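One structure below.
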Amino acid sequence: MNKNILEYIFLLIVISGCGHAPKWSFESSIKVKGYPIEMSAENAVTIPVNAIGIRGIKCIGDNLLVTAADTSGCMSVVSKEGALISRPFLKTGSGPGEVLYPPYISWIKFVIDENGHNLALFYDNKGKVLKVDINESVSKGIAQVDCLIDSLDAMAGSRYYPLNPSTIFYLTENKSRDGYQRSIVPDNSVDCDNSPMEVLDGFTSKYKNNLSTLIMADPSGSMVVEAGSRIDAIHLYSLDGSFNRTIYSGNIRITDSESSVKCYYDVKVFKDYFAALYLGISIDDLDEGNYNSVEIRIFDWKGNPLARVLVPAKGRYFDIDTHAGCLYVADEDFDGILCYDIAEILKIIQLEQHP
């Protein structure tokens, strides 16, 4: 076996362990004590973006899709040099082809159809799951929107995340209003073992926001990531029930006082790993912009820590271009995007995943 691979495996054993599972976790858990690879991002290239209130970024080929709080069009596409590729599209409102709220990128499941078009699937907060054809919207200058699923329960506090065009992950508060319940809609759309969801449904708190998570699924839609919004923990589980694990740092015990810490804010998924933006600051500091750096934490799909990138920026949203080796971070200070070269880290991760 390659010497570097042996050193890497040994380091994983040293920096992560599977001891007694803490409260608010699956029985299988990993306490992260460090990362095999760490770096500080530097020498950022600034990409100007004419968008106010950026709500997420997504790498699409040679371009970036940006969502923002713009009522005239909450989606736009720019080149990775900042040139405007499309005028804003997808208006907010209550009319046909409009959305009630500008979607965050984290609400959206991206898929590629048989024509090679990039599709954005998301819940519109009006009981529907919509499909926006990004390629056609850019070409025609107006959002090309279709309804995939209609007549969903639009109860306040309910969240829907598409796993694929016909299957939706559903999260709503429980009857006691001290936790959440998870399910798949429709329940016969995928072969699903709900036992991991039932474990998470069993966690309760007087302040249920302590239990809130950012939900994403792997590219195949078979593995779910729930990253803690108020607690430094990530839950991984497969829909077929064959795998579940919690990744955590420090104490993740739930108390009856409301957490004042903001932990994970954005997650991106890839074939061999996923990455999460971690803040670790108070909610007051977040609201007032009193922070100057964030972390991008990278894990494989078994929950093993792979890398941590320290980013000297006031970021909330990010994406990674795995082909070009670039990390993009939306900077809150100037409503623009910063680009960092992380090709070396991604190369090492790729070699370790596919030796």
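The values are calculated or read from the model by the stated rules, or taken from the named source; none is laboratory data. All values derive from a computational prediction rather than experimental measurement. Please note: Cβ atoms are built from the backbone with ideal geometry, for glycine as well, and neighbour counts cover all protein chains shown.
One line per residue, one yes/no per condition, for (1) within 27 Å of Lys33 (Cβ to Cβ); (2) surrounded by fewer than 23 Cβ atoms within 10 Å (Cβ to Cβ); (3) touching a Ser or Thr at 6+ places or on another chain (Cβ under 6 Å):
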site	(1), (2), (3)
Asp240	no, yes, no
Lys314	no, yes, no
Phe318	yes, no, no
Phe334	no, yes, no
Gln350	yes, yes, no
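For the stretch 75-91, give me the residue count where each residue is of a type in the set (Ser, Thr, Tyr) and within 17 Å of Gly56 (Cβ to Cβ).
Residues meeting the conditions: 2.
Within the stretch 152-197, take every residue that is assigned to a loop (DSSP other than H, G, I, E, B), surrounded by 13 or more Cβ atoms within 10 Å (Cβ to Cβ) and among the aliphatic types (A, V, I, L, M) and give me the one that is modelled with the highest pLDDT.
Applying the filter and picking the extreme gives Leu152.
For the structure I just gave you, tell me whether Thr46 is β-branched (Val, Ile, Thr), in a loop (DSSP other than H, G, I, E, B) and over 24 Å from Val224 (Cα atoms).
Considered against the rule, which asks whether it is β-branched (Val, Ile, Thr), in a loop (DSSP other than H, G, I, E, B) and over 24 Å from Val224 (Cα atoms), Thr46 comes out as no.
Quick one: which strands (runs of 3 or more DSSP E) lie wholly within the stretch 264-355 and hold at least 2 residues that are aromatic (Phe, Trp, Tyr) and in contact (Cβ under 8 Å) with a residue 60 or more places away in the chain?
315-321
Output the qualifying pairs, or none if there are none: Cβ atoms under 8 angstrom, residues six or more apart or on different chains, first residue in the stretch 26-48 and charged (D, E, K, R), second residue assigned to a loop (DSSP other than H, G, I, E, B) and exposed (fewer than 12 other Cβ atoms within 10 Å of the Cβ).
Lys31/Gly19
Out of all the residues in the stretch 272-294, which are closer than 14 Å to Glu42 by Cα and buried (at least 17 other Cβ atoms within 10 Å of the Cβ)?
Result: Val294, single match.
Being within 20 Å of Lys262 (Cα to Cα) and of a type in the set (D, E, K, R) is the filter; apply it to the stretch 198-230 and report the residue that is modelled with the highest pLDDT.
Glu226
Taking the stretch 69-101, which residues are farther than 20 Å from Lys140 by Cβ and either assigned to a strand (DSSP E or B) or touching a Lys or Arg at 6+ places or on another chain (Cβ under 6 Å) (or both)?
Leu100
Please name all residue pairs, on different chains or six or more residues apart, with Cβ atoms under 7 Å, provided the first residue is in the stretch 70-86 and is in contact (Cβ under 8 Å) with a residue 60 or more places away in the chain and the second residue is among the acidic types (Asp, Glu).
Qualifying pairs under 7 Å: Lys80/Asp62.
Scan the stretch 329-352 residue by residue and report those that are within 19 Å of Asp272 (Cα to Cα) and either touching a Lys or Arg at 6+ places or on another chain (Cβ under 9 Å) or among the aliphatic types (A, V, I, L, M) (or both).
Hits for the stretch 329-352 are Ile342, Ala343, Ile345, Leu346, Ile348, Ile349, Leu351.
Give the residue, chosen from Asp133, Asp124, that is out of contact with any Lys or Arg (no Cβ under 9 Å at 6 or more places or on another chain) and within 20 Å of Phe169 (Cβ to Cβ).
None of the other options fit; the residue is Asp124.
For the stretch 231-238, check the following and say yes or no: at least one residue is modelled with pLDDT under 95 and assigned to a loop (DSSP other than H, G, I, E, B).
So far as the stretch 231-238 goes, yes, one or more of its residues are modelled with pLDDT under 95 and assigned to a loop (DSSP other than H, G, I, E, B).
In the list Ser40, Ser106, Ser86, which residue meets the criterion of being surrounded by fewer than 17 Cβ atoms within 10 Å (Cβ to Cβ) and either under 20 Å from Val294 (Cα atoms) or of a type outside the set (D, E, K, R) (or both)?
So the residue among Ser40, Ser106, Ser86 that is surrounded by fewer than 17 Cβ atoms within 10 Å (Cβ to Cβ) and either under 20 Å from Val294 (Cα atoms) or of a type outside the set (D, E, K, R) (or both) is Ser40.
Quick one: which of Ser166, Ser195, Ser205 is without any contact (Cβ under 8 Å) to a residue 40 or more places away in the chain and not charged (D, E, K, R)?
Unique residue meeting the criteria: Ser166.
I'm trying to understand the selection: among the residues of the stretch 47-61, which are under 15 Å from the mean Cα position of the chain (by Cα) and either farther than 14 Å from Phe334 by Cα or of a type in the set (Gly, Ala, Ser) (or both)?
Gly56, Ile57, Lys58, Cys59
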